[in-house]
Each structure stands twice: as C-alpha cells, then as structure tokens.
Amino acid sequence: MPSILLIGVTGLIGSHLVLALKEKHPELPVTVLVRNKTIDTYLSETAAVKRIVHGSFDEKDKIVALAKEHDIVINVGSSWDVPLSESIVEGLKQQPEGKKRTLIHMSGTGNFVDKRWVDGATHAEAKVWDDNNPEDMKLINPTMLNGGPDTVVLNHGKDGKTGTYIIYPSGVYGEAAGPIPAHGVIQFVYREKAKELGFVPYIGEGTAVFNSLHIKAVIPFVLQVLDLALKDATPQGSVYERCFLIGGTETKYKDIAEAFAEVLYNEGVIASPVAKSVDRKGAGEGELPMLMSSDMRFVSNRAKKLGYKNEEVSLVEYLRSKKSTK
Ligand SMILES: NC(=O)c1ccc[n+]([C@@H]2O[C@H](COP(=O)([O-])OP(=O)(O)OC[C@H]3O[C@@H](n4cnc5c(N)ncnc54)[C@H](OP(=O)(O)O)[C@@H]3O)[C@@H](O)[C@H]2O)c1
C-alpha cells in the first residue's frame with residue numbers, strides 16, 4: 001500500500017485530515033512530521049498514525065530523507081516556506097527512477113487578490129481567476145502570497161515524474177480536531193491583528209470581497225484529490241491542470257470584521273465589539289491588510305468537475321453561532 005508522509009498534522013487542516021485519512025483510507029500507512037512532542041499517544045492511538053517523526057521544517061536532511069521514503073507527500077504545513085518545499089522535492093527526486101510518486105501541496109487563494117485596487121472597495125472589473133483555465137494557472141509566480149512554494153512544486157512536476165497536485169483553499173474557518181486548538185491561518189491573523197490594534201479593522205468602505213470556506217468543505221476535497229492521485233498510474237494533464245481552487249461564500253470585509261469583532265470582544269481579546277474602518281496604513285503590516293485592501297475573486301470549475309462542493313455555513317454565520325465565552 002502506498003505510504004503517506006503528512007506534514008502539518010497539528011494545524012487546523014492537518015488535524016482534520018489525519019482523522020479523515022484514518023476513516024477513509026485505513027489501509028494507507030501514515031507517517032507524520034511533527035515538532036510537538038506532547039501528543040504522540042493521541043496520534044498513534046486515536047489518529048492511527050503509523051510512524052511519528054519529531055522535527056521542524058528547517059531540518060532539511062530529515063525532510064529530504066522522509067520524502068525519499070514515502071510514496072505520497074501531503075504538505076498542509078506551510079504554503080510560504082520555500083526551503084520546506086525544496087526539501088520535499090529533493091527527497092522525491094531521489095526516489096528510484098520510474099517509481100510512482102505524488103506530492104499534494106496545500107497553497108491558498110491569497111495568491112489571487114487583485115492588487116490593481118487597494119482601497120478596500122469592491123471593483124466590478126477585478127480579475128476572476130479560473131482553475132480550469134491553464135493560462136490563469138501559468139500566471140502563478142513567486143511574488144504571490146503563496147507563490148514561492150507553488151513555483152517549486154509546479155517546476156518539479158513538469159518532467160512528469162512526480163504527480164503534483166496543488167489545492168488552493170480560500171480562508172478556512174472552523175475548529176481544529178484533536179488536542180491542539182489551532183486557529184488556522186485566517187482566524188489566527190484576525191485575532192493577532194485585533195490584539196495589535198485593539199479593534200478589528202477593515203479598509204475604507206470595506207466592500208472588497210473575501211472568499212472563505214469551512215474546514216468541513218476542505219477535507220473531503222483533499223481526499224478526492226488523493227483518490228485521483230491513487231487512481232492515475234501516471235500524472236494526467238499538465239501541472240497547471242492539477243491545480244484546484246476551492247472556496248465558499250464571498251463576503252464583504254466590513255461584514256467579516258463586524259462578525260470577528262463580536263467574537264473577539266466576547267472572548268475578551270478586545271474591549272469593544274465595534275469594527276473600525278481604517279486606511280491602508282492604519283491597518284498596519286502583514287498578510288491581513290494586504291488581503292483586506294483588494295477583491296479576491298475566483299471560480300472553482302476544475303475542482304467542481306472533480307466533485308468539490310460546499311454546503312457548509314458561511315464565515316459570518318459560523319462566527320455569529322459561536323457562543324460567548326466572556
Ligand atoms: N487556514 C486558512 O485560512 C488557510 C487558507 C488557505 C491556505 N491555507 C494553507 O493551508 C496550510 C495549513 O493551514 P492551517 O490553517 O491548518 O495552518 P496552521 O493551523 O497554522 O498549521 C500549520 C501546521 O504546520 C506546523 N508547522 C508550522 N511551522 C512549523 C515548523 N517550523 N516546523 C514544524 N511544523 C511546523 C504546525 O505545527 P505546530 O502545531 O507545532 O505549530 C501545524 O501543524 C498552510 O500552508 C496554510 O497557508 C490555510
């Protein structure tokens with residue numbers, strides 16, 4: 001049976017994925033690379049992980065050796081860490097000639113914001129990216145938010161020796177599974193920005209749109225991509241035809257900020273439940289101000305052909321349903 005190396009098992013996405021793998025593919029032996037040394041019993045007994053390797057993304061030799069040993073590498077650990085993806089690719093390249101090998105990489109639609117406008121307002125002319133259009137996917141490059149590792153993965157897949165599959169979810173919300181309460185990237189950056197500013201910001205009129213989806217919509221699709229990789233004896237189509245954009249509701253940043261402000265106020269993170277409009281500079285540094293400044297628009301035509309669907313609650317509904325913990 002093909003072996004899986006899973007990277008990022010304690011994160012929002014990885015914590016659900018490891019349980020889904022146990023449920024859907026109990027026959028596939030899973031190894032995890034994990035730096036947290038406190039959850040080995042949970043991983044082996046509850047999540048049925050076959051092998052636990054403790055280590056960090058900067059341990060290049062360890063990652064190269066692990067990628068060399070496993071048939072399938074699933075990286076839901078970092079869409080930013082270029083050396084991590086380079087180490088994975090180096091290990092895959094060291095596998096015997098002709099052996100089937102697979103890399104499923106989780107990136108993100110933070111690549112696809114239209115930075116021609118950065119005023120926090122929506123613009124009808126904003127580019128709508130289409131995962132079914134290889135010409136769009138060919139525009140992915142290292143200047144994009146997640147474009148560094150994407151480029152490493154895409155270039156690696158071009159000789160056809162490794163089946164590379166890249167999944168681009170939009171903002172992912174929900175609760176982690178298992179003992180580690182990971183917020184995941186987007187919930188984490190909203191929380192940190194609120195702590196930094198003392199309120200939840202949006203930029204200008206806040207009508208620019210953000211796309212997001214619940215963790216429960218992400219996991220079945222990762223399994224569908226895994227099934228595609230398992231089924232195809234050799235990678236089908238070009239590397240650009242193995243890129244999948246998945247999302248859910250398009251929401252105005254103002255509405256998101258208002259919903260986060262209420263939750264973070266209830267949790268005691270900020271002193272007021274009122275979100276505030278700021279200019280771009282007033283939102284400070286980092287990924288969130290970049291995202292909030294512009295529209296993120298895309299369609300999931302290729303992902304839908306593979307079976308992607310989203311029937312989960314929207315981000316605002318999800319946040320409004322969270323109970324007060326204050
Ligand atoms: N959540 C989102 O909104 C979203 C949207 C689109 C794309 N993505 C992408 O999907 C992937 C997973 O997202 P997520 O939200 O599940 O992320 P997350 O909750 O932050 O989880 C990241 C995982 O990577 C591990 N990790 C991070 N740095 C590490 C290091 N130096 N060495 C070893 N392990 C390390 C973390 O381990 P520790 O527990 O030890 O920190 C954790 O298991 C990321 O690439 C992210 O960019 C996320």
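Every number here is computed from the coordinates shown, using simple stated rules; none is lab data. As the structure is a computational prediction, the values presented were derived from the model and not from experiment. Glycine gets a Cβ as well: all are built from the backbone with ideal geometry, and neighbour counts include every protein chain shown.
Going through the range 111-124 one residue at a time, which ones are surrounded by fewer than 23 Cβ atoms within 10 Å (Cβ to Cβ) and either in contact with a strand residue (DSSP E or B) (Cβ under 7 Å, 6 or more places away or on another chain) or not hydrophobic (A, V, I, L, M, F, W, C) (or both)?
Those that are surrounded by fewer than 23 Cβ atoms within 10 Å (Cβ to Cβ) and either in contact with a strand residue (DSSP E or B) (Cβ under 7 Å, 6 or more places away or on another chain) or not hydrophobic (A, V, I, L, M, F, W, C) (or both): ASN111, ASP114, LYS115, ARG116, ASP119, THR122, HIS123.
Conditions (1) at positive phi; (2) touching a helix residue (DSSP H, G or I) at 6+ places or on another chain (Cβ under 6 Å); (3) among the acidic types (Asp, Glu), marked per residue:
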{"site": "ILE219", "(1), (2), (3)": "no, yes, no"}
{"site": "GLN224", "(1), (2), (3)": "no, yes, no"}
{"site": "ARG242", "(1), (2), (3)": "no, no, no"}
{"site": "LYS252", "(1), (2), (3)": "no, no, no"}
{"site": "ASP255", "(1), (2), (3)": "no, yes, yes"}
{"site": "ALA261", "(1), (2), (3)": "no, no, no"}
{"site": "SER277", "(1), (2), (3)": "no, no, no"}
{"site": "GLY307", "(1), (2), (3)": "yes, yes, no"}
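Pairs meeting the criteria (first residue in the range 1-12 and part of a strand (DSSP E or B), second residue within 6 Å of the ligand (Cβ to nearest atom) and of a type in the set (Gly, Ala, Ser), beta carbons under 9 Å, at least 6 apart or on different chains) are LEU6/GLY14; LEU6/GLY77; ILE7/GLY14; ILE7/GLY77; ILE7/SER78. Residue count for the range 161-197, restricted to those that are more than 10 Å from the ligand (Cβ to nearest atom), in contact with a strand residue (DSSP E or B) (Cβ under 9 Å, 6 or more places away or on another chain) and assigned to a loop (DSSP other than H, G, I, E, B): 1.
Taking (1) without any contact (Cβ under 8 Å) to a residue 40 or more places away in the chain; (2) within 22 Å of the chain's Cα centre (by Cα) in turn, TYR308 satisfies each apart from (1). Among the residues of the range 73-84, those identified as crowded, with 24+ Cβ neighbours inside 10 Å and either more than 10 Å from the ligand (Cβ to nearest atom) or among the charged types (D, E, K, R) (or both) are VAL73, ILE74.
Note on the range 18-38: residues that are more than 9 Å from the ligand (Cβ to nearest atom) and either exposed (fewer than 14 other Cβ atoms within 10 Å of the Cβ) or part of a loop (DSSP other than H, G, I, E, B) (or both) amount to 8. Taking (1) near the ligand (Cβ under 10 Å from one of its atoms); (2) assigned to a helix (DSSP H, G or I); (3) within 21 Å of THR151 (Cα to Cα); (4) hydroxyl-bearing (Ser, Thr, Tyr) in turn, SER15 satisfies each apart from (3).
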